[in-house]
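What follows is a short report on a single structure.
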Amino acid sequence: MKPSFKWGILGPGRIAKKFADAVWKIPYASIYAIASRSSSDPEQLKHTFNAEKCYTSYEELAADTKVDAIYIATPHRFHYENIKLCLDAEKAILCEKSFTVNANQADELFKLSQSKHTFLMEALWTRFLPIYGQIRQWLDAGKIGDVRLVTSALGFVAARNFKDRLLNIDLAGGTILDIGVYNTALTQWVFQETPQKITAIGQIGETGVDEMVSATFSYENGAAAQFTCTFQARPLGQFAITGTKGMIIVQSHFVRATQATLTVGKKSRTVKKRFKINGFEYQIKAVMQSILEGALDCPQMTQADTLANMRTLDTIRRQIGLWYPFE
């Protein structure tokens, strides 16, 4: 690993601060530069992120030859244009979920990444958490037999701020792209295939975005998955994988999980895997390693997986009648 891997951040908001906090605790990594088009105090922003430089345009960040990779944390309405700008500058990119607004955008960007042989990956940090490594071991070892059902629920009560990105149709708001992407991406990770049939229902709120979605996936072998994502309630946040011999339950808020319970017959075993920093460090380290090895993505979150998941999200949005005016 090089002595100092220099990160740039495009869109230094709340989630980007969590990313930066993790980067600074990795000895061989640093936040070199940030770019914000809306900050009224670039110097304060530079201080907050402990960055060497703060640009007021995204173009300047993309052009900086000292930047090894760029983390994009703008609202997903803007991911397509932000990623394209950075890819044109041949910058390695880690982009927050949801990767884009639709699969057509994702497909175009991945083809550009491949033509330029430049790293591009969706930041689905949950897949990199240590507890999911343990779960994968259980699944691969056949501990619960053949997986027959995956269920999950994720949500919170969103503030009725219609200008905020969550409920703003012009910012591609709504539950399915904001949090439902976790339900679908983790379900995809378990089955390692795309559902044969998708059936979804949703509630469209007064701003025109989805405030609750429930969906059922059916697979070729007869297995199924069910999930709900919502801005109107706070479910338990469990992620349950049920097989022919037993089950695995990821307790309370599976997105940032640190423990899981394996139950086979009357015997249960709970494993805890606490974060060393804040949970982002596992994805960050994997991305840096892949970039230095010349890979285009990480095996935990491939471009193919993201594209397949975006197509699933497109199908769900089509079934519930959600399209954005800019599409």
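The values are calculated or read from the model by the stated rules, or taken from the named source; none is laboratory data. Everything quoted here is computed from the prediction, not taken from an experiment. So basically every Cβ, Gly included, is an ideal-geometry build from the backbone, and we count neighbours across all protein chains shown. Calculation scope for accessible area: heavy atoms of the full protein, side chains included, ligands and nucleic acids excluded. Shrake-Rupley method; radii C 1.70, N 1.55, O 1.52, S 1.80 Å.
Observations
- For the chain, the solvent-accessible area works out to 43 Å² per residue, with a probe of 1.4 Å and every protein chain left in place.
- For region 277-292 and region 210-264, distance of Cα centres in Å: 26 Å
- Spherically averaged projected area in nm², based on the convex hull that wraps the Cα atoms of region 202-327: 11.5 nm²
- Within a Gaussian network of the chain (alpha carbon springs, distance under 10 Å), most fluctuating of 14, 148, 317: 14
- About the Cα centre, charge dipole magnitude for region 188-267 (Lys/Arg +1, Asp/Glu -1 at Cβ), debye: 560 debye
- All Cα pairs of the chain, percent lying beyond 38 Å: 13 percent
- Net length gained if the chain between residue 192 and residue 59 were fully extended (0.36 nm per residue, minus Cα distance): 44.2 nm
- Projected area, mean over directions - region 136-280, Cα convex hull, nm²: 9.7 nm²
- Per-selection metrics, region 168-251 (Cα): Rg and Dmax in Å: 14.0, 47
- Extension gain for the segment residue 276 to residue 24, taken as residue separation times 0.36 nm less the Cα-Cα distance, is 89.4 nm to one decimal.
- Within the accessible surface of region 1-129, defined with a 1.4 Å probe on protein heavy atoms only, the carbon and sulfur portion equals 47 percent.
- Measuring r between the beta carbons of residue 43 and residue 4 and using R0 = 22 Å, the FRET efficiency lands at 0.45.
- Only Lys, Arg (+1) and Asp, Glu (-1) charged, at Cβ; the chain dipole about Cα centre in debye: 1480 debye
- Largest first and in whole Å, the equivalent-ellipsoid semi-axes of region 1-69 read 19, 14, 9, each the square root of five times a Cα gyration tensor eigenvalue.
- Here's the picture: charge each Lys and Arg Cβ at +1 and each Asp and Glu Cβ at -1 in the chain, and of 265, 168, 279 the one pushed furthest to the positive end of that dipole is 265.
- Lys/Arg +1, Asp/Glu -1 at C-beta; region 35-186 dipole; positive extreme among 134, 65, 93: 134
- Placing R0 at 35 angstrom, the Cβ-Cβ distance between residue 136 and residue 323 gives a FRET efficiency of 0.50 after rounding to 0.05.
- Take the Cα of residue 256, step 7 Å toward its Cβ, do the same at residue 116, and the gap between the two points is 3.2 nm.
- Listed residues 184, 319, 306: farthest to the positive end of the dipole of region 175-320 (Cβ charges): 184
- Note that region 1-159, at 20 °C in a medium of 1.002 mPa s, gets a Stokes-Einstein diffusion coefficient of 123 µm²/s from its Kirkwood radius over C-alpha pairs.
- Dipole size of region 219-327 about its Cα centre, with +1 on Lys/Arg Cβ and -1 on Asp/Glu Cβ: approximately 820 debye, rounded to the nearest 20.
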